[in-house]
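Structure, as structure tokens:
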Amino acid sequence: MIIYNVTIKVENDAADAWVNWMKTEHMADLMNTGLFADSRLCRLLEQDEAEGITYVAQYFCEGIEQYNTYIDKYAQVMRDKGFKHFGGKFVAFRSIMEII
């Protein structure tokens, strides 16, 4: 199992709208690709939130093939939607992990 992990710091004034967008639109769009088995959105605790709130979105897929298909076919469109809605109000760091 592969976890596609996205850590996002969102400016305080955009955080509520961003969480709503993630939960009602973005994560559903990603799951609708059919490439991921599950997803979750978490808020990192014990972080300095003076410049924004840090969240982690995790998406679970069966193998690296599904992840690569997502990156090749969908990732740029999905990222562009985030920038369209929130512009420079967030920064994201992406990583992939394998459950062992």
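Quick notes on this structure:
- Take the conditions (1) among the basic types (Lys, Arg); (2) within 23 Å of ILE99 (Cα to Cα); (3) in contact with a helix residue (DSSP H, G or I) (Cβ under 6 Å, 6 or more places away or on another chain); ARG40 misses just one of them, which is (3).
- Single residue of the range 74-93 satisfying the filter (in contact (Cβ under 8 Å) with a residue 40 or more places away in the chain and charged (D, E, K, R)) that is farthest from GLU49 (Cα to Cα): LYS81
- TYR59 being closer than 16 Å to GLU11 by Cα and either aliphatic (A, V, I, L, M) or modelled with pLDDT of 95 or more (or both): no
The values are calculated or read from the model by the stated rules, or taken from the named source; none is laboratory data. Remember, it's a predicted structure, so these values are computed and weren't measured experimentally. A quick note on method: Cβ atoms are made from the backbone with ideal geometry, for glycine too, and the neighbour counts reach across all protein chains shown.
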